C-alpha cells in the first residue's frame, strides 16, 4: 500500500472526519484516513494498546510518509513516531498532547476514563454523542460543522468507544514528555486560536522538540481540521 499522508482521527470520530482535508489535497497527495480501533468499521469490543496501534500505523503504507493526528489520533501518531521513526518524514499534531507526566494525575484520569466508558455503555451512542459535542472544548464550532461532527460520532458503537477509551485514553497513555527530544523529524503543532489549553501544551512541547513549529489557526477551536480544513491542508 502506498500513501503520502496518513491521517488519524480523534476519539468519537471516524476516518471520514478527515474527508474535507483530503478533498483539498486530492490532486496533490495520496492520503489515507483509516478508522482507528474501537471506531467506525474497526469497532472492536476489546481495548487496543498503543503498541498495537504502532503496528497498525506501520502496516498502513510501505513507503515514507507524513503522519498527522488529531487529539486521540495525535497521541497515537506521537507514540507511533517514536516507534516507526525513520519512515515518517514529518509529524503533524492537531490539538494533541504527549500525555500526563504526573502519575497521580494519570491515576485520576484512568478512573475518570473508566467511569466515562461505563456511561457510554449505559446510555448508548446517540445520547453520548449529544453529551460529548456539548463540551466547552467544542464551544464556538459553527452549526453546520457541529452537525457533521455529530453525524460522524453516531457511526460508532457504544462498546467500541468504551473499549477505545479504556485502551487509548489519556489515563493509560505513558507520558512521552521526556521522549520528545528523540524525534528526528520536523513536527508541526497545530492548535485553534480558541483552544487555550492545547495552545499552552503545544508551546511546552515545542521547547522540548528538536525541530518544531506552533501554528495557531484563526477562527478555530479544538477540532481545527473540521473548522478550518483549508488551513490544515495547507500545512500538510
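Hey, can you rank 68-75, 96-103 by average C-beta count inside 10 Å, highest first?
68-75, 96-103
Grab the DSSP H runs of the chain that are 4 residues or longer, score each as -39,500 (n - 2.57), total them, divide by all residues and round the 222 nm result to the nearest 500 deg cm²/dmol.
So the calculated ellipticity at 222 nm is -14000 deg cm²/dmol.
Tell me, what is the Rg over Rh of the stretch 1-134, with Rh the Kirkwood radius over Cα pairs?
0.98
If you take the beta carbon distance between residue 234 and residue 30 as r and set R0 to 22 Å, what does 1/(1 + (r/R0)^6) give as a FRET efficiency, to the nearest 0.05?
That pair, residue 234 with residue 30, gives E of 0.80.
FRET efficiency for residue 216 and residue 105, Cβ-Cβ distance as r, R0 = 25 Å, nearest 0.05?
It comes to 0.45.
I need to check one value: relative contact order of the chain, counting alpha carbon pairs closer than 8 Å and at least 6 residues apart, in percent.
25 percent
What is the distance in Å between the Cα centroid of the stretch 116-163 and that of the stretch 34-100?
Taking the Cα centre of the stretch 34-100 as reference, the centre of the stretch 116-163 is 21 Å away.
When the convex hull of the C-alpha atoms of the chain is computed, what volume per residue in Å³ does it have?
Dividing the Cα hull volume of the chain by its residues yields 108 Å³.
Compare the peptides 165-171, 42-48, 223-229 by average per-residue count of other Cβ atoms within 10 angstrom and give them in order, highest first.
Sorting 165-171, 42-48, 223-229 by mean packing, highest first, produces 223-229, 165-171, 42-48.
A short reminder: the numbers here are calculations on the coordinates, not readings from a lab. These numbers come from a predicted model, not from an experiment. Heads up, the Cβs are rebuilt from the backbone with ideal geometry, glycines too, and the neighbour counts pull from every protein chain shown.
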